[in-house]
Structures are given as structure tokens and as C-alpha cells.
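To start, the structure itself, in C-alpha cells.
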Amino acid sequence: PRCADVRHRRPWLQYLAPVPSPRAVAAVLLCSCFLCEAQIPTTTGGQLFGSKSVLQRFKDQKCKTIDNSGQGITQAWVLIPGTDACYDLTQGYQCTYRCIIKLACQYDTGSGVIIREMDDQDCTGLGRKVRPFAPHMYWLQAKGLFEGECVSDGAGKYLQFFSKLGAGTYPDCSNMGDVQPGADAGALMYETSYNLQFYGDTSCDAPYQVSTYSDRPTSAFDFKLYRGAMYCYDMNDMTPRGNSSARDINHNMTNWRFVCGNTDMVGNGIMIEGYTTPKCTGRTSGAQQWKDVFYPMNFPDTMELLQGKCVRWGLYSAKFNRRLDPAHYPDCKSWSCKDPKMPCTGGRVTDPSSTVGTMYMGEIRTSGGDPAWPLSSTNRTGVSLAPRRSAPSA
């Protein structure tokens, strides 16, 4: 149906006065256009059976006064059944005509929510185009929109769903969206943290203790992952020092992220890039190699560390309290030194089946010679223990 064709709305006039005023008739026709614009063709199974929510545009921040200027005053969001947060949209917010979109999450996009433009209602693949859903919003604002709250569209207007989107029909991007300023912003600033502990033994059983005469001034660090920033950390010194000395804050390292790179071809592929302002923003100080920031390790040893295993760290050992989520650090294997012929930093990377450098624990078999023979492995004294046949004279 078209908004110009409102004959199917004509019965509504019977509820008005016997002789409706021109203003009343105009109101009915305008309402008919709103409802008509919220309709979409129903020629596919997904549109026939999917639940629908209508997004309305308003002039005021309380969403009381409808904004009837331009196109896209109302927009239908039809959930495509059997898909994960995939919708069929009419013209309106983030859609110029008709769009099939899939909502997903991504770092550094404001709200954390992105739109994947899909080719069809199968909603498979990564989509032909990706863009932020609401770069001007914090995550809680985007979540509020999905739950029926009135929020700004970033262009001077306001948006609100007539009814909130159903539970599970939009992604939870709380870990990737920006944190809204407020009283609880500090508590929400970090997504999670990992504790790195140093040990005095090779099996990570005896935690290293810092004393007045210790050669290493730190024994523990807290790696705090920023919410809404990819691979971005603050590393805070958590060494217990008691009353012997004050905490040395110079060992803290803030506003840095893991990046992939290998400037000398023998590194582990993971580099550390520092920034001047929180959440890895502002100017960068440049990427440094892992060995220059932490300790020389090859790629396999670094992966064991990140997986929560005990690894050597100079004269000591180190271990995280739990394995790092693979989503919290980049996959830099293709950047790492892994050629057995190369002198990789932290040690050569050998084939897993290689036994070079390992202790042989099997049985050692002898040649079967007479132990009494002077050259036998069981008689190294060189003393003859048995008669020897004399050599023939020349």
C-alpha cells in the first residue's frame, strides 16, 4: 500500500463527528500515512512470521512530539526468524530505502554495536558493508533504545521504539561499548583483569617475595583490560611490600595495547604500543617489541604464558592466575619467528616432534664387546685385564 491511498482507512471517519472538520480529517489521514509507512511487503516467510517493532522519530527528548518532517518518520524492524539479531528494515534510521541488517559488536564504535548490511534474509557471512550503529551513543544508551527508552539520534532528533525489542534479539555489547560518565563509570571502566605472579621456583609453587635485598623489585602485576577498547590494558604493580617501603608507582604501565608486528624478524610477533591518554587514545609512543618491554620469549612460550601456564622469566618463573580470553589479545602467529633455522628471540622454535635438547630416558644398548677389552666402554683404565695375542714379528 501507498500512503497516498488511504481508502482502506475510510471507516475510521465514522468515529468522528457526523460532519468532521478539515483538521480532524487531516489528522486521520496523517495517522494513516504513519501506519502505512510502517508497513513493509509481506511476500517472504521471514516477514510473515517475524515479530515487528516500530521505531518513531520525535522532536523532543521526552519523545512526546512527533517529528513529521522528511522521510522515515516511522520505521518497521521485522525480526527474521531463525537468525541471530537479523532484521528487515523499512526506510528510516540507518536505512535509506529498505535494508536487511544484522546487529553485532565491535570495539571502538561508540555504543559497541555495528550494522552488517546483508545480501538476503539468510543473514550469513560478514555482510557486504559494516558501519557503526550509533557512534554518538554509549552502550547503555544503545541498550536503552532497544528497551524502549527515548534517546538522541545524534542529529538533533530523538528515537523511541513503540515496544522494546525482544530479549535475545539484539547482541550484548557491554564489553565493547563506551562507558557512560557517571558515579559508576570507574567500576565499569575495565572489562576484566588478570593477575601475573612471579615465583622463585620452576614449577610456580613458591611465590617470589620482595625484600630489602631482592634483585627484582616487583612480584605481581594486575593486567586490567579496558572496556570498549580492543586489547587495551593498564598494568598496575600489585607487589606486597608491607611496611618496609612505600609502593613504587614507577613500575605501573598504563594505556597500552597488544599489536602484531616483528621489526627484526626474530621476535614473537606480539608488540606493545603505548598511548598518551586513557583507553589507548591520543598520540602513540610507537610499538616496542615484547623482549624490550617484558622478557625475551619465543612465540610458543608466550602463548603458554597467556594460556595461564608456568613459564621461565629470567631467573624466576611467572604465571597468570587464569588463562587470558583469546578475544583479549591478537592472533599474531603469522608475524612470529617460527623457522627452526632462525635464532628466534627467546630460543629457537623447533618442531613438536623434535627431541633436540631433551634428555633421553630410554635404554642404552652396548655393542656387545668383551668388557675386559681395553677399549671397551666398561674398561676405561687402559689396563689389560686378559692375555693378548702377541703380534707377529716382522
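The values are calculated or read from the model by the stated rules, or taken from the named source; none is laboratory data. Just so it is clear, the structure is predicted and the values come from calculations on it, not from any experiment. Don't worry about glycine lacking a Cβ; one is built from the backbone with ideal geometry, like all the others, and counts go over all protein chains shown. Ligands, DNA and RNA are stripped out before the accessible areas are found, and what is left, the full protein with its side chains, is counted by its heavy atoms. Shrake-Rupley method; radii C 1.70, N 1.55, O 1.52, S 1.80 Å.
Subtract the Cα-Cα distance of N252 and N195 from 0.36 nm times their separation in residues, and report this length gain in nm to one decimal. Could the numbers behind the result be given before it?
On the way: separation 57, 0.36 × 57 = 20.52 nm, distance 1.35 nm.
Stretched fully, the N252-N195 segment lengthens by 19.2 nm.
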>> How large is the translational diffusion coefficient of the range 279-345 in µm² per second when you combine the Kirkwood radius over alpha carbon pairs with Stokes-Einstein at 25 °C and 0.890 mPa s?
In response: 179
> Accessible area, 1.4 Å probe, largest first: how do T345, T65 sort?
Replying inline: T65, T345
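Under the definition of Cα pairs under 8 Å and six or more residues apart, what whole-number percent is the relative contact order of the range 136-230?
Relative contact order for the range 136-230 comes out at 26 percent.
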>> Based on alpha-carbon centroids, what's the gap between the range 159-229 and the range 259-285 in Å, whole number please?
In response: 19
> For H136, what is the net charge nearby, where nearby means another residue's Cβ is under 11 Å from its Cβ and Lys, Arg count +1, Asp, Glu -1?
Replying inline: -2
> When only C-alpha pairs under 8 Å and at least 6 residues apart count, what is the relative contact order of the range 241-346, in percent?
Replying inline: 28
> In what sequence, largest accessible area first, do Y199, Y213 appear using a 1.4 Å probe?
Replying inline: Y213, Y199
> So which aspartates and glutamates can K319 reach, going by Cα to Cα under 14 Å and dropping same-chain residues fewer than 8 places off?
Replying inline: D201, D205, D222, D301, E304
> How much accessible surface area, in Å² rounded to 10, belongs to the heavy atoms of F294 with a 1.4 Å probe?
Replying inline: 40
> Pairs K129/K279; K102/K333; K291/K333; K164/K224; K157/K279: which exceed 25 Å Cα-Cα?
Replying inline: K129/K279; K102/K333; K164/K224; K157/K279
> Nearest 0.05, what FRET efficiency do R131 and N68 give at R0 = 30 Å with Cβ-Cβ as r?
Replying inline: 0.65
